[in-house]
Amino acid sequence: VALRRRSPAATPRNGSSSSSSSGSSSGSSEGPLEVIRARKGVVSNASVWDTHKLLAPGVGPKEWRRESVTTPQTASFLHMHLGIDASGLSPDLDCHHLVVNDWSNLEAPLNVCIASIPTQFDPALAPPGKAVVHAYTAGNEPYSVWEGLERGSAEYEELKQQRSQTLWKALERFIPDIRERTELTMIGTPLTHERFLRRHRGSYGPAISAGGKRSWPGTSTPVPGLSVCGDSCMPGIGVPAAAASGMMAANSLAPVWQHLKVLGELAL
């Protein structure tokens, strides 16, 4: 089995791009197509949509590909990471907070916000007298709001400021002077998820519900030598579930006793 990817384009020391024998254009930020072949198998932990982008055209049954790429998607996230002045911040302030603006429509955009202050548990995570705060919308940020925007553009930066007001207001419920305390602000959008996490449309993952017609697929696929893991297969979304799917994929490639032998050798 083989996966395909684009290698980064080589850039000469003078900073200009140059064409290569592979046919890549001088203005392209991507290099030639690279094919990675495996002797035993490939395990993809990319999302179901992004995994199919890595496969060569025509690989796998048509019905399997059609059903996979039409998997319903959840929305994305809006993240805000802050570095704040912790002077006078109560040591009894809870670390985790959940803010619901409207209980009648929990899935509405910008409605449910989640925040955490990990320095309440471990002050060493920030310099003395400082604290870190992470706030985000709970998988309810539409990709369509950001689609087509150029990251870094004035329009993009303005939209970040507009959409993040919901997070600021949520934080002000338990740290009223959060804006005055803030010394560092970093805002992530669905485009951030799409670029850095290789997430199709910045999606949190498949929108497969227990009462729906679809069920979570397993780690095997109809493509010989290709297994999958991550939040697009059983047992579902979230770090514990994704980690469990990785164990399931590993057990499909090697028997459990081989895993135990390796763990013994590693003294784990």
Fill in the blank from the handout: In region 133-149, anything at negative phi, surrounded by fewer than 17 Cβ atoms within 10 Å (Cβ to Cβ) and among the small types (Gly, Ala, Ser) is listed as SER144
Practice task
Report, by residue number, each residue of region 90-136 that is among the hydrophobic types (A, V, I, L, M, F, W, C), farther than 18 Å from LYS169 by Cα and either in contact (Cβ under 8 Å) with a residue 12 or more places away in the chain or in contact with a Ser or Thr (Cβ under 9 Å, 6 or more places away or on another chain) (or both).
Solution key: PHE121, LEU125, ALA126, ALA131
Exercise for the section: Restrict the check to region 171-193 and report whether at least one residue is closer than 30 Å to VAL43 by Cβ and over 22 Å from the mean Cα position of the chain (by Cα). Expected result: no
Exercise for the section: State yes or no: is LEU78 touching a Ser or Thr at 6+ places or on another chain (Cβ under 9 Å), at pLDDT 95 or above and within 30 Å of PRO217 (Cα to Cα)? Expected result: yes
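Return the only residue of PRO109, PRO123 being more than 23 Å from SER203 (Cα to Cα) and open to solvent by 30 Å² or more (accessible area, probe 1.4 Å).
So the residue among PRO109, PRO123 that is more than 23 Å from SER203 (Cα to Cα) and open to solvent by 30 Å² or more (accessible area, probe 1.4 Å) is PRO123.
The values are calculated or read from the model by the stated rules, or taken from the named source; none is laboratory data. Owing to the predicted nature of the structure, the values given are computational and were not obtained by experimental measurement. Don't worry about glycine lacking a Cβ; one is built from the backbone with ideal geometry, like all the others, and counts go over all protein chains shown. What goes into the accessible areas is simple: the full protein's heavy atoms, side chains included, and nothing from ligands, DNA or RNA. Shrake-Rupley method; radii C 1.70, N 1.55, O 1.52, S 1.80 Å.
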